[in-house]
Amino acid sequence: MSKKEYLDQLRQSLVENEIPNADQMTEFYAEMIDDRMEDGMTEEQAVSTMEPVDSVVSQARMDMPITDLVTARVKESHKKAKEKGNGALWMILAIIGFPVWFPLLTAGFVVLLAVFVVLWAVVISLFAVEFSLGIAAAACLVAGFAVLFGWIPVAASLASWGCALILAGLCLLLWKPLCGLGMAVIRLIRLTFRKIKGAFAR
């Protein structure tokens, strides 16, 4: 495949899928091919090392905002209905079914939002526990020095420093597991969001 054929296919596919900045993306891939040709590859070799057009478009769709993906899917559904001669029927069903599909769509959005809020709350809670242990350890350490001013007895000061050591130990002991768990939840959030976007990006 020649450079022109690849770029023409790429641009046409980007435009058909309503990918924003199709021209800029096409120029970007043209520059990539030119760079590989400057490194000694022939035009055919440089093109053969590029990502398939379908992969580029799929990734571009995944990078679009989910609202744009939903809008694109609705337009695509309407377009297919028109091609089959059912455009008017599609519109009528969309209007008549509005009292059904709109509440369902809203409920689905609310459920997804609640799931994301809960998952982020878990992440925040995990790091809050770690932060609280560190602050408590520092506070107990500082409080122990009150004995120097005669504000607390020696026994209370020693107990405060003992608590500081225990809390600091817990803070260090739990740092890696809590951070690991927090990052795992963040990865789960990203994976879930990409799965949802992927359902609309197909």
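When residue 112 is tested against (1) modelled with pLDDT under 85; (2) more than 30 Å from residue 74 (Cβ to Cβ); (3) surrounded by 12 or more Cβ atoms within 10 Å (Cβ to Cβ), only condition (2) is not met.
Yes or no: residue 145 of a type in the set (Phe, Trp, Tyr), touching a helix residue (DSSP H, G or I) at 6+ places or on another chain (Cβ under 9 Å), part of a helix (DSSP H, G or I) and under 30 Å from residue 163 (Cα atoms)?
So residue 145 fits the description; yes.
Exactly one residue out of 80, 3 is at pLDDT below 85 and surrounded by 11 or more Cβ atoms within 10 Å (Cβ to Cβ), and it is 80. Does residue 116 qualify as being not small (Gly, Ala, Ser) and not assigned by TED's automatic domain parsing to the domain that holds residue 188? So residue 116 does not fit the description; no. For residue 172, the stated conditions hold: it is surrounded by fewer than 16 Cβ atoms within 10 Å (Cβ to Cβ) and closer than 29 Å to residue 124 by Cβ. Scanning segment 51-105 for residues being among the aromatic types (Phe, Trp, Tyr) and at positive phi gives a total of 0. Considering 136, 155, 184, the condition of being of a type outside the set (Val, Ile, Thr) and within 30 Å of residue 115 (Cα to Cα) is satisfied by 184 alone.
Yes or no: residue 54 within 22 Å of the chain's Cα centre (by Cα), in a helix (DSSP H, G or I) and surrounded by 14 or more Cβ atoms within 10 Å (Cβ to Cβ)? Judged against the criteria, residue 54 is not a match. Checking the structure you have, find out if any residue of segment 91-105 is β-branched (Val, Ile, Thr) and not in a helix (DSSP H, G or I). Within segment 91-105, none of the residues are β-branched (Val, Ile, Thr) and not in a helix (DSSP H, G or I). Residues being touching a Ser or Thr at 6+ places or on another chain (Cβ under 9 Å), over 30 Å from residue 181 (Cα atoms) and of a type in the set (Gly, Ala, Ser) are represented in segment 146-159 by at least one member. Only a single criterion out of (1) over 19 Å from residue 67 (Cβ atoms); (2) outside the structural domain of residue 189 (by TED's automatic domain parsing); (3) surrounded by 10 or more Cβ atoms within 10 Å (Cβ to Cβ) is not satisfied by residue 121, namely (2). Remark: pairs (first residue in segment 29-46, under 20 Å from residue 12 (Cβ atoms); second residue outside any helix (DSSP H, G or I); Cβ separation under 7 Å; 6+ apart in sequence or on different chains) = 29/50; 32/50; 33/50; 43/2.
The values are calculated or read from the model by the stated rules, or taken from the named source; none is laboratory data. Please read these numbers as outputs of a predicted model, since none were measured by experiment. Every residue, glycine among them, receives a Cβ derived from its backbone with ideal geometry; neighbour counts consider all protein chains shown.
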